[in-house]
Every structure is written in C-alpha cells, then in structure tokens.
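The values are calculated or read from the model by the stated rules, or taken from the named source; none is laboratory data. On a predicted model such as this, the values are computed, not experimentally measured, just so you know. We place every Cβ from the backbone using ideal geometry, glycine too, and count neighbours over all the protein chains shown. All accessible areas refer to the heavy atoms of the entire protein, side chains included, with ligands and DNA or RNA removed. Shrake-Rupley method; radii C 1.70, N 1.55, O 1.52, S 1.80 Å.
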Amino acid sequence: GCVDCDAGWRSNTGVCTACDGGKIPVDESSRCEVCPAGTEPNANQSACVQCAVGQATSTGYCRACGPGTVTDESQRSCILCDAGKQPLSTHDNCTECDAGKATTTPNTGVCEQCSAGKIPQDRQTRCGECDDGTQPAPDGTTCEDCPSGSATTYAGVCSECGEGKIPDESSSRCEVCP
C-alpha cells in the first residue's frame, strides 16, 4: 500500500527516507530538491524559508556573511563592500566608514582607524598625513593648525618646540631662536 511520510521525508518505493541536507521533498514527496538560493529548509524540512538578514546561500544552507561583506539582493551570495564603506552590523547593507577610519587594506571591506598623524582621504579609501604645520583634529576627519609654539615634528603630529626654540613660518619644524 501507499505510505504517508512525515514532513521532510520522501517515499522511495514505499520506504520513507529523509531528504539530504539543504533539500525538501517535492512532487508529493516522491523526490527531494535543493531549496532555491537565498532559502533553506525549515526545522522539519517540509518547506524552504528565507535566510535571515545578513545570511546568504547557494547550497541549501544559510550562512552568515563574513567581515567586510553583505548579502546581495537575492541573498544568493555575500559581496564585498566598496572601498571606503563597511557592512552594517546586520550585514544587509554597506555604510560609510566611521569617523577617523578608512579601508586601508584593499578588497577587505573592513574600516580601520588611521594611525597617528593621519586622516581618512579619498572618500575614506586610504589614510594620509596632514600637511606640514597641521595635525588631525580631535574628530579625526580633518586637519587643524598646530597650536601656538608647536610644529609638526614627526609623522603629522604637532609637538611643542620647547625652550630656546620656535616654530618656523609654516610650523613645519622647530628652529633655534635667533
């Protein structure tokens, strides 16, 4: 006689067998089929359900997108954020790097803090030094003039000139008082 199989199982010549991973029974449980991209089997393998936000699949199982990546519109795959952008925590969209950060390593989608004396440049795709006589402002996004009596003495950082020295005209270095 005919056999009614439980959800997620298929009948093969009157014997109920479970569908392999990432598949659900179709055609009145006569065969198994991989869930479409962007979906995976529900808990009892009776239907395909959409991957959670920030997850993608092309193999029948949803997987979280890794660092620097977000899901494409179909949730079929994870794609890299453009230079100067990073994934939202939900990995479903990219957003600008945070203040003072840039994607300094190409093709990673990961924003990193610019090192001392540098600010994000070129739409946050790299970090660059401030001009002589300036240093990064406290917010890390622009450069500001060195404070009075200071000069850019090392790697884009202003330092006080000290006793017997004054900044030159451009505040790019300290020189001995005349």
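Entry remark, segment 93-138: residues being open to solvent by less than 70 Å² (accessible area, probe 1.4 Å) and of a type outside the set (Lys, Arg) number 29 in total. Does CYS51 satisfy being out of contact with any Phe, Trp or Tyr (no Cβ under 7 Å at 6 or more places or on another chain), open to solvent by less than 60 Å² (accessible area, probe 1.4 Å) and closer than 27 Å to GLY140 by Cα? Here the answer is no, as CYS51 does not meet what is asked.
Here is a list: CYS5, CYS48, CYS19. Which entry is modelled with pLDDT of 90 or more and over 30 Å from ALA102 (Cβ atoms)? Break it down stepwise before answering.
Working: CYS5 fails: modelled with pLDDT of 90 or more; CYS19 fails: modelled with pLDDT of 90 or more.
Being modelled with pLDDT of 90 or more and over 30 Å from ALA102 (Cβ atoms) holds for just one of CYS5, CYS48, CYS19, which is CYS48.
Assess whether GLY149 counts as being small (Gly, Ala, Ser), open to solvent by less than 70 Å² (accessible area, probe 1.4 Å), in contact with a Cys (Cβ under 8 Å, 6 or more places away or on another chain) and under 30 Å from GLN55 (Cβ atoms). In short, no. It is to be established whether one or more residues within segment 153-175 are among the β-branched types (Val, Ile, Thr), more than 23 Å from CYS51 (Cβ to Cβ), in contact (Cβ under 8 Å) with a residue 12 or more places away in the chain and open to solvent by less than 40 Å² (accessible area, probe 1.4 Å). Checked against the condition, which is being among the β-branched types (Val, Ile, Thr), more than 23 Å from CYS51 (Cβ to Cβ), in contact (Cβ under 8 Å) with a residue 12 or more places away in the chain and open to solvent by less than 40 Å² (accessible area, probe 1.4 Å), segment 153-175 yields no hits at all.
Among the residues of segment 90-99, how many are in a loop (DSSP other than H, G, I, E, B) and under 11 Å from the mean Cα position of the chain (by Cα)? The total comes to 5.
Here is a yes/no grid of residues against (1) among the hydrophobic types (A, V, I, L, M, F, W, C); (2) open to solvent by less than 50 Å² (accessible area, probe 1.4 Å):
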| residue | (1), (2) |
| --- | --- |
| ARG31 | no, no |
| PRO36 | no, no |
| ASN42 | no, yes |
| ALA47 | yes, yes |
| THR57 | no, yes |
| ALA64 | yes, no |
| GLY68 | no, yes |
| GLU73 | no, no |
| ASP82 | no, no |
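When residues in segment 35-88 are screened for being touching a Cys at 6+ places or on another chain (Cβ under 7 Å) and free of Cβ contacts under 8 Å to residues at least 40 places away in the same chain, 27 of them pass. Suppose the filter is more than 16 Å from the chain's Cα centre (by Cα) and surrounded by 13 or more Cβ atoms within 10 Å (Cβ to Cβ); does PRO87 pass it? Answer is no for this residue.
Selection of strands (runs of 3 or more DSSP E) fully inside segment 100-178 by the criterion of at least 2 residues being under 25 Å from THR69 (Cβ atoms) and touching a strand residue (DSSP E or B) at 6+ places or on another chain (Cβ under 8 Å) returns 118-121, 126-129.
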